[in-house]
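Following: one structure in C-alpha cells, then a few remarks.
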Amino acid sequence: MDAPQPTLLVVHHTVSPACEAMLEAVLDGTRAEGLEEVAVRVRPALAATDVDVLAAQAFLLGTPANIGYMSGALKHFFDQVYYPCRLATAGAGYGLYVHGNSGLDGATRSVSTVAKGMGWQRRAAPVEVRGEPTADDLQQCWDLGATVAAGLLP
C-alpha cells in the first residue's frame, strides 16, 4: 500500500502587491523539480480551518507586520486551530515570511511563540522583507517554499 501524499498547508494574509509577490515566490518554490509528490494547499488565514491543519504535515505562514505583531487574520487562524490541533500536529515543520515597513521582529516573534506552543518546528529561517521585495527577497521566499516542502519527502 502506498504511503499517503504529504501535504503542505500555506496559510497567508495577503493585503498588498508586496505580500502577493512573496506568496507567489513561496508557492513557486513548493513546485520546484523533485517536489511533485508534495500536495500544496493554499488558504487565506481567515478561511483556514482545523480540518485543513489536521490534513497537513507542514505549514508555511505568511503575514504582514501590523504594529509589531502578526496580522489579526493570522492571529484569528491560530485562535481557531490552537486547541483542536495542538497535540495532533506537534512536531510538524513550519516556515514563515513577513512583510512590512517596521515591526517585523515583533511579528516574527509573535508567530514563533504561537508555533512553539503548537509544538511546530521551524524548518528554515524566517524571511522578513521591508518595503518593496527585491529579486533577492523573492529568491529567499522561493527557497523557503522549496525547503519546507522538501522536508516532507522521505
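The values are calculated or read from the model by the stated rules, or taken from the named source; none is laboratory data. Every value quoted in this text rests on a predicted model; they were computed, and no experiment measured them. For neighbour counting, all protein chains shown are included, and Cβ atoms are generated from backbone atoms with ideal geometry for every residue, glycine included.
Remarks
- Scan of region 29-42 for residues that are out of contact with any Ser or Thr (no Cβ under 8 Å at 6 or more places or on another chain) and either farther than 13 Å from Val148 by Cβ or not in a helix (DSSP H, G or I) (or both), ordered by number: Arg31, Ala32, Glu33, Gly34, Leu35, Glu36, Glu37, Val42
- Qualifying residues in region 29-87 (those that are within 12 Å of the chain's Cα centre (by Cα) and of a type in the set (Lys, Arg)) - the one nearest to His12 (Cα to Cα): Arg43
- Within region 81-98, the residues that satisfy the criterion of being of a type outside the set (A, V, I, L, M) and either in contact (Cβ under 8 Å) with a residue 24 or more places away in the chain or in a loop (DSSP other than H, G, I, E, B) (or both) are Tyr82, Pro84, Cys85, Arg86, Thr89, Gly91, Gly93, Tyr94, Gly95, Tyr97.
- Qualifying residue in region 98-113 (condition: out of contact with any Ser or Thr (no Cβ under 6 Å at 6 or more places or on another chain), surrounded by 19 or more Cβ atoms within 10 Å (Cβ to Cβ), polar (S, T, N, Q) and modelled with pLDDT under 95): no
- For region 99-130, the set of residues classified as over 19 Å from His13 (Cα atoms) and assigned to a helix (DSSP H, G or I) consists of Lys116, Gly117, Met118, listed by residue number.
- The residues of region 1-28 that are over 22 Å from Thr49 (Cα atoms) and outside any loop (DSSP other than H, G, I, E, B), listed by number, are Pro17, Ala18, Ala21, Met22, Ala25, Asp28.
- Qualifying positions in region 131-147 - in a helix (DSSP H, G or I) and over 13 Å from the mean Cα position of the chain (by Cα): Ala135, Asp136, Asp137, Leu138, Gln139, Gln140
- Residue in region 125-138 that is in contact (Cβ under 8 Å) with a residue 24 or more places away in the chain, small (Gly, Ala, Ser) and buried (at least 18 other Cβ atoms within 10 Å of the Cβ) present: no
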